[in-house]
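Notes follow once the structure below has been shown.
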Amino acid sequence: MPENSGRVTRRDMFALGAGAAIGTGLWSEMAHATSPAKAPLTMRSDGGYATAPLAKDSWALGVVQSRVIAVDVTSPEKKRRENVQHMCDLIDYANGFSGKKDMLFFHEFPITGYNYKWTLIDARKAAIELPGEETETLAKKARQYGTWLVFGSYVRD
């Protein structure tokens, strides 16, 4: 992010891990945050440095490998909604199977799917907006469980 600009761009979000940020609403917090200058990292002569306690000692992780259905680029909205609903159902199942998950990892393109015949123009038509309808729906579902989500997607920027 440019020095002292006071705003976070989409590129900054990707650099900061936007996929994980979706899960807890960190997106809006980061977009409006103005962070004070941090103290420089200092290293001791033994190679150690100051640390802080972890928020949790352990995390329950889940990996979701599901079906992928590519959207029709002439009318992608309906299939994107169906794919997002499928993801929401899988978030429910994953958190019901052997307990709550702190983080769920999805595969690439669970929202838009992938078609090797797509051109760059087609991929842009299939892409989602960030933030947008799909990420807001997924964020709401993730907040229900306190779960972070990680996935790949075509995104218009």
**OP:** Please report Rg over Rh for the stretch 34-128, where both radii come from the alpha carbon positions and Rh follows the Kirkwood definition.
**Re:** 1.21
Subject >> Those GluC sites (Glu not before Pro) in the stretch 73-126 that DSSP places in a loop and that have at most 13 other beta carbons within 10 Å >> reply: none
**OP:** For the stretch 44-129, run through the chymotrypsin sites (Phe, Trp or Tyr not before Pro) and keep only the ones in DSSP coil with at most 14 other Cβ atoms within 10 Å of their Cβ.
**Re:** TRP59, PHE97, TYR116
**OP:** Would you please name the trypsin sites (Lys or Arg not before Pro) within the stretch 58-91 that are DSSP coil residues with at most 14 other C-beta atoms within 10 Å of their C-beta?
**Re:** ARG67
Original post:
In nanometres, what is the gap between the two model label sites at GLU136 and HIS86, each 7 Å from Cα along Cα-to-Cβ?
Top reply: 2.4
**OP:** Mind giving me the FRET efficiency for ASP102 and ASP46? R0 is 41 Å, r the Cβ-Cβ distance, nearest 0.05 is fine.
**Re:** 0.80
**OP:** For ALA55 and ARG124, compute 0.36 nm times the residue count separating them, minus their Cα-Cα distance, and round to one decimal in nm.
**Re:** 21.0 nm
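Each reported figure results from applying straightforward, stated rules to the coordinates on display, with no laboratory input. Source: prediction; values computed, not measured. Cβ atoms come from the backbone with ideal geometry, glycine included; neighbour counts cover every protein chain shown.
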